[in-house]
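The values are calculated or read from the model by the stated rules, or taken from the named source; none is laboratory data. Here the structure is a predicted model, which means the values were calculated and not measured. Quick reminder, even Gly has a Cβ in these numbers, built from the backbone with ideal geometry, and neighbours come from all protein chains shown. Keep in mind that these areas ignore ligands, DNA and RNA; they rest on the heavy atoms of the full protein, side chains included. Shrake-Rupley method; radii C 1.70, N 1.55, O 1.52, S 1.80 Å.
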Amino acid sequence: MPLTRVYEKAPAKINLLLDVLYKRDDGYHELETVMTMVDLADRLELEDLAEDRIELVCHSGVIPLDERNLAFQAARLLKERYQVSRGVRIVLDKHVPVAAGLAGGSSDAAAVLRGLNRLWRLGLSGQELEELGAELGSDVPFCVRGGTVIARGRGERLESVPSPPPCWVVLAKPPISVSTADVYGRLNLQEPRRHPSLARMIDALNRRSFADICRELGNVLEDVTLPLYPEIRQIKACMTKMGADGVLMSGSGPTVFGLVERETKAMRLYNGLRGFCREVYAVRLLADPAPRSS
Ligand code: C5P
């Protein structure tokens, strides 16, 4: 029986560590980052269409539904590259905040690549899907793979590493929009910066030491966003005061996450933050490598 419909989950990511090594000739920044997935996800339904068209449906009202959307671009890339004459209707149920530093759009695109590979029986390997993902955006290859990785290059060269031990992640997004390109553009690479230690973070992950993972959290893009947006610093301070074990801004922001070992403390943090921040989530880390569904 040919498949006519598949479902995919598109989880949000957080960066446990993000370091910028230098600016490259192609305008991108050479990174060393450690990313992992959290159990806050968009859901996608992909329905096979006999007609040759891509239809994207989403009721959230905050994202474009045409070729500006990465999920749309992912479907178009597969259609063109593999001369697929069928179409697809993508119904996107959005839960991950947009332009938040959580790779929501990249994860949607990755879910479309995984889902259409099954729906259209393209037979592409994980590696091939990751390579296609790199054409769409720096975070897409990781979103294809899932789990926990060290990402190098502009974010597309991946090495899987052990996931942190199970814990809670409290996410808070201040009501500001941050452009990734703008944050990288403002980064002053001449200024003396405290670099996070990738070696120590990897060691902490290998030892599955929650305390050491929390100690080694670091993101050089905070040097740009904290002075620009006092709300981010305020949320970080608030999470620390309320007892989060580790606190960091994710990606280029503005979302801040707190890692918390105990559920009662996670709930206390969640309730405390809800007082002055509308978009707050308390979720678990997603330790499974493959964020797929049936
Ligand atoms: O790859 P993606 O389209 O997600 O990147 C968005 C923007 O972020 C890029 O246009 C670039 O300005 C910046 N960026 C960068 N270095 C990276 C990743 C992104 O400068 N490694």
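Structure notes:
- The range 179-276: C-alpha gyration tensor shape, a/c 1.5 cut-off, then a/b vs b/c: oblate
- Neighbourhood charge, 10 Å Cβ-Cβ cut-off, centred on Leu21 and excluding it, Lys, Arg +1 and Asp, Glu -1: 0
- Candidates Leu18, Leu31, Leu259, ranked by Gaussian network fluctuation over the chain, Cα under 10 Å, top entry: Leu31
- Extension reserve of the Arg233-Asp48 stretch, reckoned as 0.36 nm per residue once the Cα distance is removed: 62.0 nm
- Our note on the geometry: Cα centres of the range 228-274 and the range 192-206, 21 Å apart.
- Heavy-atom accessible area, probed at 1.4 angstrom with all protein chains present, ranks Tyr270, Tyr82 as Tyr82, Tyr270, highest first.
- Lysine-lysine proximity count for the chain, Cα under 29 Å, sequence distance 8 or more or distinct chains: 23
- Whether the chain is rounded, prolate or oblate, judged on the alpha carbon gyration tensor where a/c under 1.5 counts as rounded: prolate
- Accessible area in square angstrom per residue, the range 1-72, 1.4 angstrom probe: 47
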